[in-house]
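Below: one structure, written as structure tokens.
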Amino acid sequence: MHRSRRRVLAALPAPIALAALPARAQSPAFPSKPLTIVVPATPGGILDLSSRLIAGELSKRVGQPVTVDNKAGGGQVIGMQAMLRAEPDGHTMVMGSIGPNAANYAIFQKLPYAPGDFAPVAHVVSMPNVLLVHPSVPANTVAELVALAKAKPGSLSIASSGTATSSHLAGEMLKMRAGIGLVHVPYKGAAPALTDLLGGQVQVMDDNLVTALPHVNGGRLRALAVTTAQRAAELPAVPTVAESGYPGFEVTVWVGLLTSSKVPGPLVERLHAEVAQVLAMPDVKRRLAEMGGASLPMTTAQFGAFIAAETDKWGAVVRAAGIKAE
């Protein structure tokens, strides 16, 4: 180094002298340790399945283990808190969804987090919900289910994968639109809810396509309708709820990765780039399609705008339906 430059650096206060050094000398490699994806639900549902799919391929790309950590309960609030408590260094993400990252803000009077606490990383998958009934229920259509519920008010229980999940919201929207009373029974994930539906302890459930499909195809559950605007290719004979007499009815399941808003922007974008590469892999796209869904390519800003729109939409539905925390 030229002697005059050495003299200038020596005379500078320590922080300024360090700032003059090359950036790579100050920035450690990322990721520098194992990554964690927090899943705010029990194993077996779409949040868990999509997280494990991403984790396996992401680990190969970044050269670090990627662990899936299930933290269920509290309307998925427990898992959200767990991610926010982690060091905001980009090594911890959470698989967010319609409930904790959109509807919860209207359902819960007080939450230990706010929308601004999260930085969107990547949309992972969107798919339909399926309106299911136990075979013992004498209903083969939405109209027949509604007629049964009106004839015997309070006699049918509707399971959900948790308060404020898409499963819960789809059921509440149907109750509101049809003017029927179904007893809501929230669970800590899709798997335990399905177990009770299969056993007949509850009679009705809106569940995502990936976990519902094997039971529908096996004749263990009956599918009355799908909740998206179009029919599902996997169940072409099953109508939409909108086709079943409720125009405009649409509930789409979506999940996506988020991290703390305290994580530096460049690290968020690095995570986005790596996850986007995983989602673009033909095998990953095929496996998402087998779940009945697809990833929607979005930038971090576009995913943030998508979540904001979902928050507005479901806030209005929650208030109109009078949905409360249970």
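The values are calculated or read from the model by the stated rules, or taken from the named source; none is laboratory data. Computed from a predicted structure; not experimentally measured. For neighbour counting, all protein chains shown are included, and Cβ atoms are generated from backbone atoms with ideal geometry for every residue, glycine included. SASA here: full protein model, heavy atoms, side chains in, ligands and nucleic acids out. Shrake-Rupley method; radii C 1.70, N 1.55, O 1.52, S 1.80 Å.
What the table below lists for this structure:
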| quantity | calculated |
| --- | --- |
| Residue count for region 85-106, restricted to those that are open to solvent by 50 Å² or more (accessible area, probe 1.4 Å) and either touching a residue at least 40 places away in the same chain (Cβ under 8 Å) or touching a Ser or Thr at 6+ places or on another chain (Cβ under 6 Å) (or both) | 1 |
| Restricting region 107-131 to residues that are more than 26 Å from residue 211 (Cβ to Cβ) and among the small types (Gly, Ala, Ser), the residue that is surrounded by the fewest Cβ atoms within 10 Å (Cβ to Cβ) | 116 |
| Residues (open to solvent by 20 Å² or more (accessible area, probe 1.4 Å) and in a helix (DSSP H, G or I)) located in region 55-66 | 56, 57, 59, 60, 61, 62 |
| Failed item in (1) touching a Pro at 6+ places or on another chain (Cβ under 7 Å); (2) more than 28 Å from residue 109 (Cβ to Cβ); (3) buried (at least 20 other Cβ atoms within 10 Å of the Cβ), with residue 212 passing the rest | (1) |
| Which listed residue, of 119, 103, is of a type in the set (A, V, I, L, M) and over 13 Å from the mean Cα position of the chain (by Cα) | 119 |
| Selected residue [assigned to a strand (DSSP E or B) and either among the acidic types (Asp, Glu) or in contact with a strand residue (DSSP E or B) (Cβ under 7 Å, 6 or more places away or on another chain) (or both)] from 216, 255 | 255 |
| Failed condition for residue 69, given (1) assigned to a strand (DSSP E or B); (2) within 24 Å of residue 301 (Cα to Cα) | (2) |
| Condition met for residue 221 (open to solvent by less than 40 Å² (accessible area, probe 1.4 Å) and touching an Asp or Glu at 6+ places or on another chain (Cβ under 9 Å)) | yes |
| Matching residues, region 159-175, being under 17 Å from residue 98 (Cβ atoms), assigned to a helix (DSSP H, G or I) and open to solvent by 10 Å² or more (accessible area, probe 1.4 Å) | 166, 172, 173 |
| Tally of residues being free of Cβ contacts under 8 Å to residues at least 40 places away in the same chain and either under 18 Å from residue 166 (Cβ atoms) or open to solvent by less than 10 Å² (accessible area, probe 1.4 Å) (or both) across region 67-82 | 2 |
| Among residues of region 29-54, those that are open to solvent by 40 Å² or more (accessible area, probe 1.4 Å) and either closer than 17 Å to residue 94 by Cβ or not in a loop (DSSP other than H, G, I, E, B) (or both), counted | 4 |
| Single unsatisfied condition, residue 147 versus (1) open to solvent by 10 Å² or more (accessible area, probe 1.4 Å); (2) among the aliphatic types (A, V, I, L, M); (3) within 27 Å of residue 93 (Cα to Cα); (4) without any contact (Cβ under 8 Å) to a residue 40 or more places away in the chain | (3) |
| Exclusive hit being modelled with pLDDT of 90 or more, over 18 Å from the mean Cα position of the chain (by Cα) and open to solvent by 50 Å² or more (accessible area, probe 1.4 Å), set 248, 265 | 248 |
| Residues within region 278-319 that are of a type outside the set (D, E, K, R), surrounded by fewer than 12 Cβ atoms within 10 Å (Cβ to Cβ), in a helix (DSSP H, G or I) and more than 17 Å from the chain's Cα centre (by Cα), tallied | 3 |
